[in-house]
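Visitor: The structure under discussion is supplied below as structure tokens; questions concerning it will follow.
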Amino acid sequence: MTTAVKSPSKAKEYIDSVYHQLQDKYGYQPEFLQAVKEVFSTLVPVFEQHPEYIEHNILSRIVEPDRIITFRVTWQDDQNRVHVNRGYRVQFNNVVGPYKGGLRFHPTVNESIMKFLAFEQIFKNALTGLPIGGAKGGSDFDPKGKSDAEIMRFCQAFMTELYRHIGPDVDVPAGDIGVGAREIGYLWGQYKRIKAMHEAGILTGKQPGYGGSLVRKEATGYGLIYFVEEMLRDVNDSLEGKTVVVSGSGNVAIYAMEKAQQLGAKVVACSDSNGYVYDPDGIDLNAIKEIKEVKGERMNNYVKYRPKATYTEGCKGIWTIPCDIALPCATQNEIDGESARILIANGVKVVAEGANMPSTPEAIDEYLSNGVLFGPAKAANAGGVATSALEMAQNSSRIYWSFNEVDEKLRDIMKHIYQTSKECAEKYGSPGNLMVGANIAGFIKVANGMIAEGV
């Protein structure tokens, strides 16, 4: 007796077909294909219930950016030597609202990374419930080791090319890796010189008092912890007494550590691109802020403040430290399957992503198959862009909200994202799988908008 093999549904055939076409076209863009595959893998039940998405060929349309702008950035260093970098802006989808997404200045920046980040941004921004579309941009310029004057000249050259393509109701960039309030200030200053207009809403992440919003610096890290708080509350638990490991030491990591400590957790490790520190007595956040925010030094200096702490070269080993909660806040694909298995063997209960796509597909499979609560990036780290949208609202209204007002709005947005993701996962047959829920919730909102607008 032979067992009949179930043939794939029309929905799965359609999704696979679009992905294979994309793979043939962009096989040289691994990060972009990884991001697309992760979203596509969750959409079969959606297309089975909504055949109109196939009829309108939504997938083929949604994976192609509206436009990719690339440009040369020429600037001079302090010795008057001329340098050339490549600039990007990927305006992916503006169905929900103006393009919105950060600028990244880092030597690894290329078109694949820009497209993956912009693609993720579409659904992340839709999840916030705020009227913002998805975009991303940046350059392979490396701010490390550059003087303030060199960074200023680069930013001015970058904006001299970018200004043609952005506007408060068109595309509103923000910061990302390598782009903080200093860089945003230089970019905004150049925009005003060129346009002779004080359009405060053209960029977000500005300094408070100069058009910026309070809580923006803290927002991604705080929002990450608010999301974790909701995950734990649903299983009658809390952050109180939990041991936490955080990768990274930028704004996301620092303020995730700050909020986790405020809510009673013990953070024992964090890292930078050179290595990580382990402090069994709990990370001294004031020392981290002085090292990274004030002095701009490397993490190995932490042991000068805390002699009982240890510093280890290399970053991967941070995931061998036993913890209840792991928060990858550094970069894409930093937790692979091997690291995930070590975390699980050491008793991790929650993994929530502060960086964009920091877990490989194999790592995610390990979390889900072993009952680890998993907060995917597009939901868990959406607090930064949500607060950027709140900055846009303040700029448009010519008003200024207090720290507590913005923080409360941020907390409500993260609760909304969690509940929306949870409910969508249940509705489409994957209860408890927040990755499925977040992907579907964001996708449906954008897909319905695309159908409403026509081809």
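Bear in mind these aren't lab numbers, they're just calculated from the coordinates by the rules spelled out. Just so it is clear, the structure is predicted and the values come from calculations on it, not from any experiment. Methodologically, a virtual Cβ is constructed for each residue, glycine included, from the backbone with ideal geometry; neighbour enumeration extends over all protein chains shown.
Visitor: Taking the Cβ-Cβ separation of Arg86 and Asp16 as r and a Förster radius of 41 Å, what is the calculated FRET efficiency to the nearest 0.05?
Guide: Values: r = 33 Å, r/R0 = 0.82.
With a Förster radius of 41 Å, E is 0.75.
Visitor: Multiply the residue gap between Arg398 and Arg306 by 0.36 nm, knock off their C-alpha separation, and tell me the result in nm, one decimal place. Walk me through the numbers before you get to the answer.
Guide: Details: separation 92, 0.36 × 92 = 33.12 nm, distance 4.51 nm.
Between Arg398 and Arg306, full extension yields 28.6 nm more.
Visitor: Can I ask one more? Under 12 Å Cα to Cα from Lys266, which aspartates and glutamates show up? Leave out anything in the same chain fewer than 8 places away.
Guide: Glu240, Glu258, Asp279, Asp281, Asp284, Asp324
Visitor: Another question, then. Roughly how far apart, in whole Å, are the Cα centres of the stretch 43-59 and the stretch 213-237?
Guide: Computed from Cα coordinates, the inter-centre distance equals 33 Å.
Visitor: Still on this structure, please answer the following. Amide H neighbours of Phe92 under 5 Å, counting only residues 5+ apart in sequence or on other chains, H built in-plane at 1.01 Å?
Guide: Under 5 Å from the amide H of Phe92: Asp66, Gly134, Ala135, Lys136.
Visitor: While we're here: For Gln207 and Asn286, FRET efficiency with R0 = 25 Å and r from the beta-carbon atoms, rounded to 0.05?
Guide: Working: r = 22 Å, r/R0 = 0.88.
Between Asn286 and Gln207 the formula returns 0.70.
Visitor: In nm, to one decimal, how far is the modelled label at Asn370 from the one at Val294, with both set 7 Å along Cα→Cβ?
Guide: That separation, rounded to one decimal, is 3.9 nm.
Visitor: Translational D (Stokes-Einstein, µm²/s) of the chain at 4 °C and 1.567 mPa s when Rh comes from the Kirkwood sum over C-alpha pairs? The partial results should precede the final answer.
Guide: Values: Rh = 22.5 Å.
Estimated diffusion coefficient is 58 µm²/s.
Visitor: Out of all Cα-Cα pairs in the stretch 335-455, roughly what percent, to the nearest whole number, are more than 26 Å apart? Mind dumping the intermediate values first?
Guide: Values: 2496 of 7260 pairs.
The calculated P(r) of the stretch 335-455 puts 34 percent of pairs beyond 26 Å.
Visitor: Here's a follow-up. Remind me, relative contact order of the stretch 67-199 in percent, using alpha carbon pairs under 8 angstrom and six or more residues apart?
Guide: Working: 263 pairs, mean separation 38.0, N = 133.
Computed value for the stretch 67-199: 29 percent relative contact order.
Visitor: Greater than 19 Å separation of Cα atoms is the criterion. Which listed pairs, Lys25/Lys115; Lys37/Lys100; Lys206/Lys295, meet it?
Guide: Values: Lys25/Lys115 14 Å; Lys37/Lys100 23 Å; Lys206/Lys295 21 Å.
From Lys25/Lys115; Lys37/Lys100; Lys206/Lys295, over 19 Å: Lys37/Lys100; Lys206/Lys295.
Visitor: Once both labels are modelled 7 Å past Cα along the beta-carbon direction, what's the Leu263-Asp77 spacing in nm?
Guide: So the label points at Leu263 and Asp77 sit 4.4 nm apart.
Visitor: Follow-up. Tell me, Ser339, Ser369, Ser396 in order of fewest to most beta-carbon neighbours within 10 Å? Let's see the in-between values first.
Guide: Working: Ser339 22, Ser369 9, Ser396 12.
So the residues, fewest neighbours to most, are Ser369, Ser396, Ser339.
Visitor: Going 7 Å from the Cα of Arg164 toward and past its Cβ, which residues in the stretch 80-104 have a backbone nitrogen under 20 Å from where you end up?
Guide: Hits in the stretch 80-104 for Arg164 at 20 Å: 84-92, 99.
Visitor: Return the subset of Lys144/Lys292; Lys242/Lys289; Lys124/Lys242; Lys349/Lys427; Lys217/Lys289 for which the Cα-Cα distance in this structure is over 18 Å, preserving the input order. Can you show the working numbers first?
Guide: Numbers: Lys144/Lys292 13 Å; Lys242/Lys289 22 Å; Lys124/Lys242 27 Å; Lys349/Lys427 25 Å; Lys217/Lys289 13 Å.
Table pairs above 18 Å Cα-Cα are Lys242/Lys289; Lys124/Lys242; Lys349/Lys427.
Visitor: So for the stretch 67-199, considering every pair of alpha-carbon atoms, how many percent are separated by more than 27 Å? Don't jump to the answer; show the numbers that get you there.
Guide: Values: 1365 of 8778 pairs.
I get 16 percent for the Cα pairs in the stretch 67-199 exceeding 27 Å.
Visitor: At a 10 Å Cβ-Cβ cut-off, how would you order Leu434, Leu232, fewest neighbours first?
Guide: Least crowded to most crowded, the residues run Leu232, Leu434.
Visitor: Can you pull the one-decimal nm distance between simple spin-label points at Ser238 and Ala196, each 7 Å off the Cα toward Cβ?
Guide: Spacing of the two 7 Å Cα→Cβ label points: 5.9 nm.
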